[in-house]
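The values are calculated or read from the model by the stated rules, or taken from the named source; none is laboratory data. Values in this document were obtained by computation on a predicted structure and should not be read as measured data. Here the Cβ positions follow ideal geometry from the backbone for every residue, glycine too, while neighbour counts run over all protein chains shown. Just the protein is used for accessible areas: all its heavy atoms, side chains included, with ligands, DNA and RNA removed. Shrake-Rupley method; radii C 1.70, N 1.55, O 1.52, S 1.80 Å.
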Amino acid sequence: MSELLLEVRNLTKHFEISGGLGRHAATVRAVDGVSFSLRRGETLGLVGESGCGKTTTGRCILRLERPTSGQILFEGVDLATLDTAGLRAMRRRVQVIFQDPYSSLNPRMTIGQILAEPLKVHEIVKEESKRAERVHELLAQVGLLPQHAQRYPHQLSGGQRQRVGIARALAMEPVLIVCDEPVSALDVSIQAQIINLLEDLQEQFGLTYLFIAHDLSVVRHISDRVAVMYLGKLMELT
C-alpha cells in the first residue's frame, strides 16, 4: 500500500445566516462530519449534486475556508490549526485547479506574468531570466506554446485557459492538487483532452488528486476510488 498523504477526520463546516439586526436566523450545515483518506499517487473522486458540500470540503482542505471543527491531516500535520506562516509553506505542497478558468486568471496580466508570479513570491526561481525559462517549461508541460506567454487570458480559448490554470498549479511543485470541477465549464471534446492531460501529469510527477465533480462518467474515468456526498454528509466511499 502507498503512503497515506491526506486524512480528513469528522470535518464540519457550518455557515451562520443572519436574520437582520444581529439576530441568528439559521445554520447551514454545508459539511457535516465528513471523513476520508487519500494515499500518495491516488485519485479520489468526490461527487454529488450541486449544494451537497463537495466544493466546501475542498475549500476547507485548501484552508480557503476555516473548518468549524474536525481535522485535516496532510503529511501528519493538521491544516486546520496552521498559522499564516504554516499556510504559506503548505501552499507549495497543496494546490488547486478552479472550475472557471477565466475568472481564476487575472485579466490584466499576461500568461507569462501569471505563471511567473508564484515562482517569484515563493522564491522557487529567484532569477528573472530563469523564471522565463521555467514559464516556457510549464507551458510545454500542459501542451501550450512559448508564444502563449505573451497573451492575455481573453485571447485564449476555454481549454487553453484551463491548461494555464493547471500550469499555475504545477509551478508550485505540489504533491496534492484539489481539482474543483476542472472540466465542467468546457466542451465535451475539450473535457477529454484535459482529463488525459491530468492523467499524464499524474504519472509524470507522481501527483495526488482530489477530483471534485458532479459528472459520474468523468469521475469514473479518472478516479481510483469514489466518495459520494449528499446534504453535507459522506454517504458512500468505494
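Listed values, structure above:
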{"item": "Ranked by how many other beta carbons lie within 10 Å on average, peptides 136-146, 75-85 from highest", "result": "136-146, 75-85"}
{"item": "Extension gain (nm, one decimal) between VAL188 and LEU82, 0.36 nm per residue minus Cα-Cα", "result": "34.2 nm"}
{"item": "Summed residue charge, Cβ within 9 Å of GLN99's Cβ, Lys/Arg positive, Asp/Glu negative", "result": "-3"}
{"item": "MRE, 222 nm, helices only [DSSP H, n ≥ 4, -39500 (n - 2.57), over the chain, to nearest 500]", "result": "-10500 deg cm²/dmol"}
{"item": "Ranked order, SER37, SER217, SER103 - accessible area, probe 1.4 Å, largest first", "result": "SER103, SER217, SER37"}
{"item": "Percent carbon-and-sulfur accessible area, the chain, ignoring ligands, DNA and RNA, probe 1.4 Å", "result": "49"}
{"item": "Phi to ³J(HN,Hα) by Karplus 6.51 cos²θ - 1.76 cosθ + 1.60 over the stretch 112-128, Hz, x for Gly, Pro", "result": "x, 5, 4, 6, 7, 4, x, 5, 7, 4, 8, 6, 6, 10, 7, 7, 4"}
{"item": "Gyration tensor (Cα) of the stretch 78-119, equivalent ellipsoid semi-axes in angstrom", "result": "25, 13, 8"}
{"item": "Average Cα contact separation per residue, the chain, under 8 Å, 6 or more apart, as relative contact order %", "result": "29"}
{"item": "Where GluC sites (Glu not before Pro) fall in DSSP loop in the stretch 84-131, at most 14 other Cβ within 10 Å", "result": "GLU123, GLU127"}
{"item": "Per residue accessible area of the stretch 57-186, 1.4 Å probe, in Å²", "result": "47"}
{"item": "Point-to-point label distance, ASN106-THR238, nm (Cα→Cβ direction, 7 Å offset)", "result": "4.4"}
{"item": "Computed over the stretch 5-67, the ratio Rg/Rh where both radii use C-alpha atoms and Rh is Kirkwood", "result": "1.07"}
{"item": "Coil-residue GluC sites (Glu not before Pro) of the stretch 1-40, DSSP, other Cβ within 10 Å capped at 11", "result": "GLU3"}
{"item": "Distribution of pairwise C-alpha distances over the stretch 1-142, 10 Å bins, in %", "result": "10, 30, 32, 22, 6, 1"}
{"item": "The stretch 45-104: projected area of the alpha-carbon convex hull, averaged over directions, in nm²", "result": "5.2"}
{"item": "Derived scalar couplings ³J(HN,Hα) [the stretch 64-75; Karplus, 6.51 cos²θ - 1.76 cosθ + 1.60; whole Hz; x for Gly, Pro]", "result": "7, 10, 8, x, 5, 6, x, 10, 10, 8, 10, 6"}
{"item": "Two-site FRET efficiency, THR12 against ALA89, from Cβ-Cβ distance with R₀ of 25 Å, rounded to 0.05", "result": "0.50"}
{"item": "Values of log10 I(q)/I(0), in the order q = 0.10, 0.16 Å⁻¹, for the chain under a Debye, Cα-only, solvent-free model", "result": "-0.49, -1.18"}
{"item": "Karplus (6.51, -1.76, 1.60) ³J(HN,Hα), θ = phi - 60°, over the stretch 78-85, in Hz, Gly and Pro reported as x", "result": "7, 5, 5, 10, 5, 8, 4, 5"}
{"item": "DSSP loop trypsin sites (Lys or Arg not before Pro) with at most 12 other Cβ within 10 Å excluded, longest remaining stretch of the chain", "result": "127-238"}
{"item": "Rg(Cα)/(2.2 N^0.38 Å) for the stretch 106-238, N = residue count", "result": "1.14"}
{"item": "For the stretch 104-144, radius of gyration divided by Kirkwood radius, i.e. Rg to Rh on alpha-carbons", "result": "0.96"}
